[in-house]
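Bear in mind that the values in this text are calculations on the coordinates, not laboratory data. Not measured: the values here are computed from a predicted model. All Cβ positions, even for glycine, are placed from backbone atoms using ideal geometry, and neighbour counts span all protein chains on display.
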Amino acid sequence: MSGSAAVALDPDELLTPVEAARVAKLSVSTLKDKRWKGTGPKFIKLSPGRGGRIRYRRSDIEEWLSGGRNSRSVA
């Protein structure tokens, strides 16, 4: 088995919006729009304000893709 195939994905890994968009197969702007409308996956805001850093848990992206809950910021 190759090294990369043997590595399990951590469900609690925090993904940047670029990484999360890649997992969800969306553009970053579409993911941002869904976050703003409250129709996207749960996210974590690491710093306050409009320019606050956003992260997504891998498990929240996967739950959302499988028809799970939409949510606002969890932090």
The aspartates and glutamates whose Cα lies under 13 Å from the Cα of K25, excluding any fewer than 8 residues away in the same chain, are E62
The long-range amide H neighbours of K42, using H built 1.01 Å from N in the peptide plane and a cut-off of under 5 Å, are S71
Counting Lys and Arg as +1 and Asp and Glu as -1 over every other residue whose Cβ sits under 14 Å from the Cβ of S27, the net charge comes to +3
Any lysines whose Cα falls less than 21 Å from that of K45, other than same-chain ones fewer than 8 residues away, would be K32, K34, K37
In whole Hz, the Karplus estimates of ³J(HN,Hα) for the stretch 16-28 (6.51, -1.76, 1.60; θ = phi - 60°; x where Gly or Pro) are 6, x, 5, 5, 5, 5, 5, 4, 7, 6, 10, 6, 4
